[in-house]
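Here the structure comes first, spelled out in structure tokens, and everything after it is commentary.
The values are calculated or read from the model by the stated rules, or taken from the named source; none is laboratory data. Computed from a predicted model, the values in this text were never measured in an experiment. Note that each Cβ is placed from the backbone with ideal geometry, even for glycine, and that neighbours are counted across all protein chains shown.
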Amino acid sequence: MTTIMIKHYFIAACAAVMSLSAFTAAAQTNAAAPSADQQLVQRGEYLAKAGDCVACHTAKGGKPFAGGLAIATPIGTVYSSNITPDKEHGIGSYSEEDFDRALRHGIRKDGASLYPAMPYPSYAKVKPADVKALYAYFMQGVQADPAPNRGVDITWPLSMRWPLSVWRKVFAPAVAADGPEDNSPLVRGQYLVEGLGHCGACHTPRGVGMQEKALSNDSSQFLSGGVIDGYLANNLRGDARDGLGNWSEADIVAFLKTGRNSHSAAFGGMADVVANSTQYMTEGDLSAMAKYLKSLKAVKEGTPALAYDDKTHQALRKGSDQSPGAMAFLNNCAACHRSSGKGYEETFPTLALSPTVNAENPASLIRIVLEGAEMPWTHKAPTQFAMPGFASRLSDQEVADVVTFIRSSWGNQASSVNASDVAKARKQLPEKKTVEAGSAPLAKQ
Ligand code: HEC
Ligand code: HEC
Ligand code: HEC
């Protein structure tokens with residue numbers, strides 16, 4: 001009897017000691033270095049941010065990565081896939097190799113080719129070690145969600161997927177191999193910009209097959225500007241007038257980190273890129289990307305930089321310019337952007353000498369005047385200053401006048417815009433998104 005009691009007591013004590021040591025071991029792993037597995041998942045999470053997977057793979061109001069976001073393409077609407085680890089509707093049954101085939105080769109597990117709305121031609125540059133980390137994150141760090149995938153809204157015969165495999169063979173590059181780690185800033189920056197960052201998906205012009213005209217800096221078309229969703233994704237090369245020629249590396253880092261700097265503020269698709277992706281990148285990675293961007297030669301080398309000219313400012317102050325464009329500017333824009341055109345740094349961006357204002361293609365200017373915009377929310381700059389939309393207040397002609405005015409004032413030199421360009425852009429405005437003049441809060445915390 002006593003022996004049995006003692007035995008029981010002994011077993012209980014042992015169990016207590018064992019669970020205590022298990023507890024301390026767990027506490028130690030939490031407090032101290034994470035396990036190799038956890039580290040891989042964390043690295044994958046960081047890389048998923050750098051690749052901005054969430055932007056396309058999350059529907060408005062949907063669960064992260066559960067897919068279903070409608071993406072317009074010239075032939076119809078494609079919906080992003082559920083890439084949560086749900087076994088039935090997501091990618092829970094994908095092996096690392098299946099995941100890699102989709103991510104870098106553009107081939108689904110069932111063998112069908114993906115629409116290049118999924119930027120796999122850029123992700124082809126991702127190294128196998130990083131694919132491994134991304135896979136670990138999507139399998140272990142993401143919550144499974146059973147949202148079913150949606151088919152495409154594309155009419156037959158364009159809805160057939162086999163032509164996509166032809167596209168893939170013609171336009172998709174070979175995938176990267178694991179090489180020796182080279183983390184010198186220029187190499188790292190190139191890797192991030194051309195690869196996971198898929199900056200070219202928006203910033204590089206597209207050819208007749210909708211392929212990006214260049215996937216790396218072997219052509220000056222690379223990052224020379226592209227139109228996406230009615231906005232111009234600016235030239236990011238060294239051009240002084242409409243590119244990043246006058247931006248320092250620190251200016252680029254500030255823009256990617258906070259969505260604003262002394263030259264500009266992010267809007268359109270770029271506001272989402274900053275909010276979901278680049279604000280989370282390390283200072284080291286952002287500087288590397290900035291260094292790489294600054295190494296890109298101008299498309300038009302030798303074009304002199306613009307110089308500020310005070311004439312417009314003087315004329316607006318004296319009231320000597322009564323042209324429709326000047327009047328529209330004074331009545332609708334000057335309160336924020338000021339008659340000097342210089343705005344207020346990091347609050348209301350400058351219009352004078354701005355690459356956005358001086359871009360050959362005025363798409364972004366027409367769009368922002370019609371629709372308004374709101375700066376992205378970031379941890380470093382949580383105040384989201386907003387610009388109201390003027391779609392209901394200004395006619396096509398008035399928008400054309402004011403945009404033409406800002407493109408030829410304060411030293412800016414860009415072509416005029418006509419009412420028919422504005423009419424076209426107005427027809428393409430997405431419904432409801434418009435923040436009407438007068439109703440927009442100036443700043444939201
Ligand atoms: C610009 C939008 C966009 C971005 C960014 C994007 N995807 Fe996709 N992705 C899509 C679309 C659209 C599809 C579906 C294409 C189709 O149906 O042909 C897709 C498909 C996929 C698939 C295939 C799923 C299946 O059913 O086999 C995987 C895996 C995937 N994406 C992973 C990722 C990962 C990982 C990232 C980030 C590194 C990412 N995607 C970023 C748009 C995007
Ligand atoms: C989804 C499309 C999209 C992607 C992807 C994208 N951009 Fe942009 N980007 C835009 C648009 C649209 C603009 C113009 C609006 C603005 O100035 O914010 C822009 C503007 C910019 C500007 C400001 C240029 C200026 O002269 O004002 C910089 C810098 C920039 N992008 C860098 C990048 C980098 C670096 C990447 C890759 C990490 C990237 N972008 C990826 C759409 C995109
Ligand atoms: C209430 C203040 C306000 C008014 C009025 C206003 N804006 Fe803006 N504007 C802003 C803010 C804030 C931004 C930055 C928006 C963002 O980044 O999302 C901006 C951005 C812009 C940009 C993009 C600049 C860049 O490089 O990022 C242009 C161009 C512009 N405004 C033109 C105009 C014109 C033309 C008018 C008059 C028709 C006007 N704005 C009226 C506040 C204003």
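Let's see how each residue does on (1) closer than 27 Å to Gln38 by Cα; (2) touching a residue at least 40 places away in the same chain (Cβ under 8 Å):
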residue	(1), (2)
Arg101	yes, no
Leu114	no, yes
Tyr120	yes, yes
Tyr123	yes, yes
Lys132	yes, yes
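Taking the criterion of being touching a residue at least 40 places away in the same chain (Cβ under 8 Å) and more than 14 Å from Lys342 (Cβ to Cβ), the residues of the stretch 312-330 that qualify are Ser323, Pro324, Gly325, Ala326, Ala328. One residue stands out in the stretch 72-124 among those that are outside any helix (DSSP H, G or I) and aromatic (Phe, Trp, Tyr): the one that is farthest from ligand 3 (Cβ to nearest atom), namely Tyr94.
Restricted to the stretch 359-370, and to residues there that are near ligand 3 (Cβ under 10 Å from one of its atoms) and outside any loop (DSSP other than H, G, I, E, B), the residue that is surrounded by the fewest Cβ atoms within 10 Å (Cβ to Cβ) is Ile368.
On inspection, Gln445 passes the criterion of being of a type in the set (S, T, N, Q) and at pLDDT below 55. Identify, please: which residue in the stretch 121-159 is at pLDDT below 95 and of a type in the set (Ser, Thr, Tyr) and is, among those, surrounded by the fewest Cβ atoms within 10 Å (Cβ to Cβ)? Here the answer is Thr155. Using the structure shown, decide if Tyr94 is among the hydroxyl-bearing types (Ser, Thr, Tyr) and over 21 Å from the mean Cα position of the chain (by Cα). Criteria met by Tyr94. Residues in the stretch 176-235 that are within 29 Å of Pro430 (Cα to Cα), among the charged types (D, E, K, R) and without any contact (Cβ under 8 Å) to a residue 12 or more places away in the chain: Lys213 alone.
Could you check the stretch 261-270 and list, in sequence order, the residues that are buried (at least 19 other Cβ atoms within 10 Å of the Cβ) and either among the basic types (Lys, Arg) or within 16 Å of ligand 1 (Cβ to nearest atom) (or both)? Within the stretch 261-270, Gly268, Met270 meet the criteria.
Here's the yes/no breakdown for (1) in a helix (DSSP H, G or I); (2) within 16 Å of ligand 3 (Cβ to nearest atom):
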{"position": "Gly238", "(1), (2)": "no, no"}
{"position": "Ser262", "(1), (2)": "no, yes"}
{"position": "Met270", "(1), (2)": "yes, yes"}
{"position": "Ala275", "(1), (2)": "yes, yes"}
{"position": "Gly284", "(1), (2)": "yes, no"}
{"position": "Val299", "(1), (2)": "no, no"}
{"position": "Leu306", "(1), (2)": "no, yes"}
{"position": "His313", "(1), (2)": "yes, yes"}
{"position": "Asp321", "(1), (2)": "no, yes"}
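If you check Asp110 against the conditions, is it closer than 25 Å to Asp178 by Cα and either within 10 Å of ligand 1 (Cβ to nearest atom) or not hydroxyl-bearing (Ser, Thr, Tyr) (or both)? So Asp110 does not fit the description; no.
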